[in-house]
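The values are calculated or read from the model by the stated rules, or taken from the named source; none is laboratory data. In this text, all values refer to a predicted model and were calculated from it rather than measured experimentally. Heads up: the accessible areas ignore ligands, DNA and RNA and are worked out on the full protein's heavy atoms, side chains in. Shrake-Rupley method; radii C 1.70, N 1.55, O 1.52, S 1.80 Å.
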Amino acid sequence: MAEMSIKKQRPKNLDLTSIRLPLPGKVSILHRVSGAGIFLMLPLLLWIFQASVTSPESFEAFKAVASHPLAKLILAGLIWAYMHHFCAGIRFLLLDVHVGVELQSARQSAAVVLAVSLVLTAVLWGVLLW
Amino acid sequence: MVNRIVVGAHYGLKDWIAQRATAVVMAVYTALIVAVILVARPADFEAWRAIFAHGFIKFASFLFALSLFYHAWIGMRDLWMDYIKPTGLRLALHVLTILALVGYAGWAASILWRL
């Protein structure tokens with residue numbers, strides 16, 4: 001019976017250091033990490049947008065802040081977070097409508113998401129901040 | 001047998017759909033704003049500001065912001081539900097998340113409608 005098998009003692013491993021996550025699992029947890037990162041940085045993003053459109057002075061002030069190495073690092077992280085969340089999100093939407101749900105194609109699309117978001121991050125960072 | 005009554009409650013279906021609908025709004029806006037910037041090629045502050053001062057872009061940007069904040073609420077609520085076990089702390093984080101996001105929505109509106 002199903003009830004019996006549910007209650008049966010089964011081996012359990014919740015040790016994060018010994019779990020080898022497959023590629024789609026890595027994309028999934030990075031989707032969470034990138035989403036949480038964007039949420040935490042929302043005040044910064046709103047401030048950046050406000051500074052960039054309010055006045056020529058605030059625009060220059062924003063450019064000065066953005067040229068600082070630490071700011072460039074944070075912005076690179078945010079650009080990656082947006083790109084990864086965007087690409088992985090499109091992958092999840094496709095999975096929702098049963099596109100690419102087979103193991104092989106799901107692993108391939110996970111690799112594509114990781115690669116494409118890194119390339120887009122490098123390109124955008126180069127265009128915007130270099 | 002799992003004898004659970006599955007009628008009468010939606011088990012998060014509304015949030016599931018809202019998360020995806022807001023995601024699509026944000027994806028469409030992202031494609032739109034990238035296309036506009038590539039075509040307009042704003043070279044200075046005035047050109048950059050003019051893009052967002054345009055009536056339709058302002059409207060679309062506000063919808064993007066609202067979609068982002070609603071999407072962020074569902075996502076953060078899921079994270080708090082998954083990782084924060086003490087009920088009181090979880091409730092406090094839920095309330096703080098809502099307060100922050102409602103505040104951000106007002107902030108975004110004030111930025112856009114001052115243009």
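Dividing the summed -39500 (n - 2.57) terms of all DSSP H runs of n ≥ 4 by the residue count of chain A sets its mean residue ellipticity at 222 nm at -26500 deg cm²/dmol.
What's the total accessible area buried between chains B and A, using a 1.4 Å probe, rounded to the nearest 100 Å²?
Working: alone 8310 and 9780 Å², together 15780 Å².
Answer for the B-A pair: about 2300 Å² buried.
For chain A, the spread of Cα coordinates along the three principal axes comes to 72, 28, 27 Å, biggest extent given first. Ranking B:10, A:85 from most to least accessible surface, computed with a 1.4 Å probe over the protein chains only, gives B:10, A:85.
Heavy-atom accessible area for residue A:80, with the other protein chains in place and a 1.4 Å probe, reaches approximately 60 Å².
Taken as entire DSSP H runs, the helices of chain B that both span 18 Å or more between Cα atoms along their own long axis and average 0.5 or more on the Kyte-Doolittle scale are B:13-40, B:55-83, B:87-113. Over chain B, accessible surface divided per residue gives 63 Å², non-protein components excluded, 1.4 Å probe. The order of B:80, B:16 by accessible area, most exposed first and with a 1.4 Å probe, is B:16, B:80. Measuring with a 1.4 angstrom probe and ignoring ligands and nucleic acids, residue B:17 comes out at about 90 Å² accessible.
To the nearest ten degrees, helix A:69-96 and the longest principal axis of the Cα atoms of chain A are 40 degrees apart.
How much of the accessible area of chain B, in percent, comes from carbon and sulfur atoms when a 1.4 Å probe is used? Display every interim value, and only then the final one.
Numbers: 5260 of 7200 Å².
Answer for chain B is 73 percent, counting heavy atoms of protein chains only.
When the surface is traced with a 1.4 Å probe over the full set of protein chains, residue B:45 keeps roughly 20 Å² accessible.
Taking the longest Cα principal axis of chain A as reference, the axis of helix A:103-129 is set at about 10 degrees.
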